[in-house]
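To start, the structure under review is shown below, and the notes come after it.
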Protein chains: 4
Amino acid sequence: MIANTMQVKVRWGDADPAGIAFYPRFYEWYDLGTETLFASIGLPFPETFERYGIVGVPIVESGATFLSPARWADVLTIRSSVAWVRDKTFRVEHEVSVGERPCARGFEVRAWVERPVTPGGALHAESIPAEVRQRLGG
Amino acid sequence: MIANTMQVKVRWGDADPAGIAFYPRFYEWYDLGTETLFASIGLPFPETFERYGIVGVPIVESGATFLSPARWADVLTIRSSVAWVRDKTFRVEHEVSVGERPCARGFEVRAWVERPVTPGGALHAESIPAEVRQRLGG
Amino acid sequence: MIANTMQVKVRWGDADPAGIAFYPRFYEWYDLGTETLFASIGLPFPETFERYGIVGVPIVESGATFLSPARWADVLTIRSSVAWVRDKTFRVEHEVSVGERPCARGFEVRAWVERPVTPGGALHAESIPAEVRQRLGG
Amino acid sequence: MIANTMQVKVRWGDADPAGIAFYPRFYEWYDLGTETLFASIGLPFPETFERYGIVGVPIVESGATFLSPARWADVLTIRSSVAWVRDKTFRVEHEVSVGERPCARGFEVRAWVERPVTPGGALHAESIPAEVRQRLGG
């Protein structure tokens, strides 16, 4: 399975008045986990978006279950893995823990979206190129 | 059904290099939608957290489906409604649109969590007080 | 003097574990104050950037003095005014208060920057068009 | 001179529709630079705030000059150094570069602020303890 593990520290500005990470930050970390996973398999986002003429890999669906709080200054381990690859979309799953303690599990379904023909035009998902699909293990 | 509708504008710093809202921002808007819903039914968060001695209503689970992009400077309409209220948790659903165009649908399951006995201590969900439950339509 | 006043509420995610607004948020509010000031004088950013072919009005210099804390759920009044307009740059000053209590004073010097000839190319400041200068009171 | 150098990558969500880092993010990086500098001299924030009973080291004044844009996925080098230490306040200066190219210079003046006697009470700066002052090179 295509996977990558990275670490990130909960910053002062990530934590809320309750002293725990503001939950939308987890989705920022999932976003970072996916970008880092792509870089780890030779598909760094900036070059990849440029090469294939896509606007990016926007989110179609996402979700998370929160198991225990991440506190300010905790070092999070984020394990991101490709769950599946379809024609125009793929799913990445993320497991976040502090040491041995699981914090959260999340997922992202993303689409391969070409640049609009006219600026600000409608966005359309396209088939993921074969070589990208292959690197994603699909 | 207990519900509230609010509007928020996509700020420059909410949008990414593709010119569309960075997806974790939607969860910030859901968070804001829930806080505003509570205020609309006489349960403003600061006073409510203080009165009942809770650290807040942290997230247990959340998720979203993204239907169309929200662009920089778009005015978003966020309709937040209470889907259900259980003993210690409740679910709020959010519909985000730009004018008539639906952008995203999301949900949050949150728990009623008391302050730890010792600072930094373990967090435990407790029964939602009857008068809060009633205002939430549960 | 060209000026505009707006209000913004400190959100849960804006506040840190000390319960007060994380200071970089003030710069987000200054950014919002400038964008709102421009809209108030008939120069909404999206249309203005498009019409004049600029990437935006990036920051050259900024700064702030913090007088008293802004707390979670405080309603901030932000008064933004144009201090001066030069050939390629202009300065906006911001006063933030909670009711009568002053919280912060800040400023932004921004440049009028044209789109690079090639994507990712160097950015250059250009002369602010006469009609924009006039609306800014310069 | 007490100083520390760290690196941080510009994330997708840090960049704006112009493809460059949204300027308030620089202040988030200065905040991170100061926290990392303190950790590097044996004063990690969480333990330090607890030990001395302070709410933190809130900002009194900050500012920055922006020299060239930081783009999405750029790796920033942040050099943070203590400029001076006074009785109740200290100043940290930050230099941000991408490789050899300077991006920004900023500063923060922060105060040593004790916990209020009553929750939500007024915040007061106090004298920086001798051993902290010494580690800061003051």
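For A:Lys9, the lysines whose Cα comes closer than 21 Å to its Cα, not counting residues fewer than 8 places off in the same chain, are D:Lys9. With its label point defined 7 Å out from Cα along the Cα-to-Cβ axis, C:His124 lies at 3.8, 5.8, 6.9 nm from the matching points of the other copies, in increasing order. Electrostatic bookkeeping for D:Leu67 treats Lys and Arg as +1 and Asp and Glu as -1; over the other residues with beta carbon under 11 Å from its beta carbon, the sum is 0. Estimated at the nearest 10 Å², the accessible area of C:His124 is 110 Å² with a 1.4 Å probe.
In the elastic network of chain C, a GNM with C-alpha springs shorter than 10 Å, the most mobile of C:Leu43, C:Leu123, C:Leu32 is C:Leu123.
Centre-to-centre, using Cα atoms only, the stretch D:49-71 and the stretch B:11-42 are separated by 25 Å.
Quick note on the protein assembly as shown: its Rg to Rh ratio, both from C-alpha atoms and Rh being the Kirkwood radius, is 0.95.
The rotation axis bringing chain C onto chain B passes closest to the chain C residue reported with its distance as C:Val8, 5, by C-beta distance in whole Å.
With the whole protein complex present, D:Arg105 retains an accessible surface near 130 Å², based on a 1.4 Å probe.
For the stretch C:34-113, the average shadow cast by the Cα convex hull is 6.0 nm², which is a quarter of the hull's surface.
With springs only between Cα atoms under 10 Å apart, run a GNM on chain A and tell me which of A:Val98, A:Val82, A:Val55 wobbles the most. Between A:Val98, A:Val82, A:Val55, it is A:Val55 that shows the largest mean-square fluctuation. In the assembly of identical copies, D:Arg86 has its label point, taken 7 Å from Cα in the direction of the beta carbon, separated from the corresponding points by 2.8, 5.5, 6.2 nm (ascending, one decimal). Close amide H partners of C:Glu61, meaning residues 5 or more places away or on another chain with modelled amide H under 5 Å apart, are C:Val109, D:Phe66. Between B:Gly63, B:Pro129, B:Pro44, the Cα set farthest toward the positive side of the dipole of chain B (charges on each charged residue's Cβ, about the Cα centre) is that of B:Gly63. Label-point spacing at B:Ile41 relative to the other copies reads 4.3, 4.5, 5.1 nm, in ascending order, each point sitting 7 Å out from Cα along Cα→Cβ. Rounded to the nearest 10 square angstrom, C:Lys88 shows an accessible area of 90 square angstrom against a 1.4 Å probe.
Which one of B:Ala104, B:Ala15, B:Ala122 has the biggest mean-square fluctuation once chain B is modelled by GNM with Cα springs under 10 Å? Looking only at B:Ala104, B:Ala15, B:Ala122, the biggest GNM fluctuation is shown by B:Ala122.
Computed with the Debye formula from one identical point scatterer per Cα of chain D, without solvent, the log10 of I(q)/I(0) at q = 0.11, 0.16, 0.17 Å⁻¹ comes to -0.43, -0.83, -0.90. In a DSSP loop and with at most 11 other Cβ atoms within 10 Å, the GluC sites (Glu not before Pro) in the stretch D:50-127 are D:Glu100.
The values are calculated or read from the model by the stated rules, or taken from the named source; none is laboratory data. Model, not experiment: these values are computed from the prediction. FYI the Cβ positions are ideal-geometry reconstructions off the backbone, even for glycines, and counts take in every protein chain you see. We work out accessible area using only protein heavy atoms, side chains counted, and drop any ligands, DNA or RNA first. Shrake-Rupley method; radii C 1.70, N 1.55, O 1.52, S 1.80 Å.
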